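Novice: I am attaching a structure below and will ask some questions about it afterwards.
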Amino acid sequence: MIGENTMKGSLDDLEHPTTEKLEEAPEGPALGAEFWANAKIRPPRAKTSIHLRVDADVLEYFKLQGPGHLTRMNSVLRAYVDAARTADEQ
């Protein structure tokens, strides 16, 4: 499915972008001073490859949402860990 803000292209377009292609990209929203005042620099976290057994219906739920189901599963686990750490600090 291609939305109105999606452009078609080739791998060559990614490897060798032209100024014309770059100018077609939509401008993102302006970020105010409040955003930058609260921004934190976070280095990328290293990923560890594991073998994980999950219930079939849990895996199916994430797969039905489309590509990137493992990334979404990691995001759910990340949110849980962050919330638990915040609760532990209080």
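The values are calculated or read from the model by the stated rules, or taken from the named source; none is laboratory data. Values in this document were obtained by computation on a predicted structure and should not be read as measured data. Remember, those area values only see protein heavy atoms, side chains included, never the ligands or the DNA or RNA. Shrake-Rupley method; radii C 1.70, N 1.55, O 1.52, S 1.80 Å.
Novice: What percentage of the solvent-accessible surface of region 36-90, computed with a 1.4 Å probe over protein heavy atoms, is contributed by carbon and sulfur atoms?
Specialist: Percent of accessible area from carbon and sulfur atoms in region 36-90: 58.
Novice: Moving on to the next point. Please compute the length gained on full extension between A39 and F62, using 0.36 nm multiplied by the number of residues separating them and subtracting their Cα-Cα distance.
Specialist: Value of the extension gain: 5.3 nm.
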